[in-house]
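The structure under discussion appears below in the form of C-alpha cells.
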Amino acid sequence: MGKKHEDLAIVAVLAVVYFGAAKLGLRFAFVNPSATALWAPTGITLAAFLIFGIRVWPGAFLGAFFANLTTAGTVLTSITIATRKHTRRCGWLLPGNPLCPWPTGV
C-alpha cells in the first residue's frame with residue numbers, strides 16, 4: 001500500500017474515531033445538546049497529530065463536521081465549528097507549524 005493510501009486510511013480512521021468519541025461525549029450534555037464537559041476528541045486529535053503529523057487534519061475536520069451536523073447544526077454552522085476547532089488545535093497545540101503559526105507575544 002502506498003503512502004497516499006496509508007494517509008487516506010489514517011484520515012478515515014481518525015474521522016470515524018473522532019465522530020464516535022464526539023457522539024459518546026455528547027451523551028453527557030445535559031444543558032445544551034452540543035455542549036459537554038467531557039470532550040475526548042481533542043485528545044484523540046492531539047495524539048493523532050503528534051503521532052502522524054499535521055497531514056491527518058482532514059480526519060479531525062470531517063469528524064467534527066459530521067458530529068456537529070448530526071447533533072443540532074446546519075451545514076454552515078457545522079463547517080464553521082469544525083474550522084474553528086481545527087485552527088484552534090493547530091495554532092495552540094502545535095507551535096512552530098508553518099500552516100498554523102504560533103502566536104507571538106502571548
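Each reported figure results from applying straightforward, stated rules to the coordinates on display, with no laboratory input. This one's a predicted model, so the numbers in the text were calculated from it and none came from an experiment. All Cβ positions, glycine included, derive from the backbone under ideal geometry; neighbour counts span all protein chains shown.
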Problem - Pair list, Cβ under 7 Å, 6 or more apart: segment 34-63 residue more than 19 Å from GLU6 (Cβ to Cβ), other residue aromatic (Phe, Trp, Tyr) - result: THR36/PHE28; ALA37/PHE28; LEU38/PHE28; PRO41/TYR18
Handout entry: Unique residue being surrounded by fewer than 16 Cβ atoms within 10 Å (Cβ to Cβ), of a type outside the set (Phe, Trp, Tyr) and farther than 21 Å from LEU8 by Cα when the list is ARG27, ARG55
Key = ARG27
Completion exercise
Over segment 21-33, the set of residues under 15 Å from the mean Cα position of the chain (by Cα) and closer than 19 Å to THR74 by Cα is ALA22, LYS23, LEU26
